[in-house]
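Take a look at the structure below.
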Amino acid sequence: MKRNILITGGAGFIGSHVVRLMVNRYPDYHIVNLDLLTYAGNLANLKDIEHKPNYTFVKADIADLDRMRQVMKEYEIDGVIHLAAESHVDRSIKNPFAFARTNVMGTLSLLQAAREYWESLPEKYAGKRFYHVSTDEVYGSLALTHPDGIEAGATTKASAKGHTAYGTEFFVETSKYDPHSPYSASKASSDHFVRAYHDTYGMPVVVTNCSNNYGPYQFPEKLIPLFINNIRNGKELPVYGKGENVRDWLFVEDHARAIDLIFHSGKTAETYNIGGFNEWKNIDLIKVIIKTVDRMLGNPEGHSLGLIRYVTDRPGHDSRYAIDSRKLRDELGWEPSLQFEEGIEKTVRWYLDNQEWIDNITSGAYEKYYEDMYANR
Ligand code: NAD
Ligand code: TYD
């Protein structure tokens, strides 16, 4: 079937994996990647597919309502997968307004443009879908009741083979919203607008809340790529607080597969949580990264452990995130495909093999390149 899908934020980390998957997997779809190319957007993430006939890039701001109206009409969009966002918690602490503008007003503009366009068509919302990509951070923070970890199944219901849990509670689709950072507050607000557009106007929406992603093409301000790059350069590794916060890590391609599945088969107006049953205490994860990078660089074991620096904690730092993704598994048959050991091995290898990609970002050279390249679009 022919479809015209608008993917926002497709030049970013997760978006680029979603764009690549959709462009390669659905040659009959026209994939329109709309991205403002902020500091986090990088067209080098999509070099391998940029000349495919079913792919178009549009540089635009999701908060520009008139432009969103124009894009919906021009490309006759029948499905939206919305990932564009300001995404880094530390930046949100420094500049919360940018997060309200993009994540709240941007999402609202996109919803409104989709609504106006779809309502203007004879078939209206039939065959349409607005997929909003959100985060588990909207649910707030879970208690760290087992600081040394327990095997799931012992005292938790959300068990998965080999899963170490750090508490007995998990985020489920009905968990109360309780955001703590300006980032998660802005994402929570956008989620509410998306659901309100379903309840008020009948917009066929679906929302997913995913745990922390890792893998190739992640901007090197986030923990895993930042630390891989710092170890390579012999730079300090700033561990917030005591390094005891827990995150649930999912390989980015598994998230992209889940998005594809839910976009096509998820139920309208439903929420699905996506996670890997893969909880790690930051300090333990950091030690795995150090070990892997040192081994790949041919350094003796333990060589880079001395780079660890415990620094002042992030204000409002959530202590534990852990997703129960059994609804997605039971209803749609999704499972993460990679074990963490395999995923981290692939990830470290990718960053070490793609030093030019990371050096371009850290030097700011790519921003200038794309500014010039798209100045007249
Ligand atoms: P990212 O920061 O790597 O990419 C965001 C992209 O959005 C960039 O390409 C940027 O240029 C673009 N963008 C920003 N503002 C824009 C605007 N006003 N108009 C158009 N484009 C704009 O983010 P990511 O990590 O890939 O996250 C993508 C989405 O997934 C976000 O909505 C985020 O909240 C969500 N999410 C991320 C994670 C994670 O671990 N990274 C986990 C769960 C959910
Ligand atoms: P991050 O990758 O920023 O994702 P999020 O805050 O959305 O979970 O951070 C992951 C964890 O690592 C989080 O608990 C904060 C911590 N962290 C550090 O200890 N040092 C760092 O330099 C960064 C960027 C994060």
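The values are calculated or read from the model by the stated rules, or taken from the named source; none is laboratory data. These figures come from a predicted structure and were not determined experimentally. Cβ placement follows ideal geometry from the backbone for every residue including glycine, while neighbour counts extend to all protein chains displayed.
Of the residues contained in the range 104-123, none is found to be surrounded by 17 or more Cβ atoms within 10 Å (Cβ to Cβ), among the aliphatic types (A, V, I, L, M) and either within 16 Å of ligand 2 (Cβ to nearest atom) or in a strand (DSSP E or B) (or both). Residues in the range 194-217 that are more than 26 Å from Arg320 (Cβ to Cβ), surrounded by 19 or more Cβ atoms within 10 Å (Cβ to Cβ) and of a type in the set (Phe, Trp, Tyr): Tyr197, Tyr217. Evaluation of Phe99 against the conditions (1) surrounded by fewer than 20 Cβ atoms within 10 Å (Cβ to Cβ); (2) out of contact with any Leu (no Cβ under 8 Å at 6 or more places or on another chain); (3) part of a helix (DSSP H, G or I) shows that the sole unmet condition is (1). Being in contact with a Gly (Cβ under 8 Å, 6 or more places away or on another chain) and within 16 Å of ligand 2 (Cβ to nearest atom) holds for only one residue in Phe263, Phe340, and it is Phe340. Looking at the range 135-158, can you tell me whether even one residue there is within 16 Å of ligand 1 (Cβ to nearest atom), closer than 30 Å to Met203 by Cβ and in a strand (DSSP E or B)? So far as the range 135-158 goes, yes, one or more of its residues are within 16 Å of ligand 1 (Cβ to nearest atom), closer than 30 Å to Met203 by Cβ and in a strand (DSSP E or B).
Listed by first and then second residue, the pairs with beta-carbon distance under 7 Å, at least 6 apart or on different chains, first residue in the range 239-268 and acidic (Asp, Glu), second part of a strand (DSSP E or B), are Glu244/Lys281; Asp248/Asn212; Asp248/Glu279; Asp248/Ile323.
Residues in the range 299-306: is at least one away from ligand 1 (no atom under 12 Å from the Cβ) and outside any loop (DSSP other than H, G, I, E, B)? Looking through the range 299-306, at least one residue is away from ligand 1 (no atom under 12 Å from the Cβ) and outside any loop (DSSP other than H, G, I, E, B). Among the residues in the range 289-303, are any within 14 Å of ligand 2 (Cβ to nearest atom) and in contact (Cβ under 8 Å) with a residue 24 or more places away in the chain? Yes.
Of all residues in the range 247-293, those that are closer than 25 Å to Tyr201 by Cβ, of a type outside the set (Lys, Arg) and more than 18 Å from the chain's Cα centre (by Cα) total 6.
Can Val89 be described as out of contact with any strand residue (DSSP E or B) (no Cβ under 9 Å at 6 or more places or on another chain) and aliphatic (A, V, I, L, M)? Yes, satisfied.
Count of the range 165-190 residues, restricted to those that are surrounded by fewer than 24 Cβ atoms within 10 Å (Cβ to Cβ), at pLDDT 95 or above and more than 15 Å from ligand 2 (Cβ to nearest atom), is 8. Name the single residue that is nearest to ligand 2 (Cβ to nearest atom) among those in the range 74-96 being within 20 Å of Tyr272 (Cα to Cα) and outside any loop (DSSP other than H, G, I, E, B). Filtering the range 74-96 for residues that are within 20 Å of Tyr272 (Cα to Cα) and outside any loop (DSSP other than H, G, I, E, B), the one nearest to ligand 2 (Cβ to nearest atom) comes out as His82.
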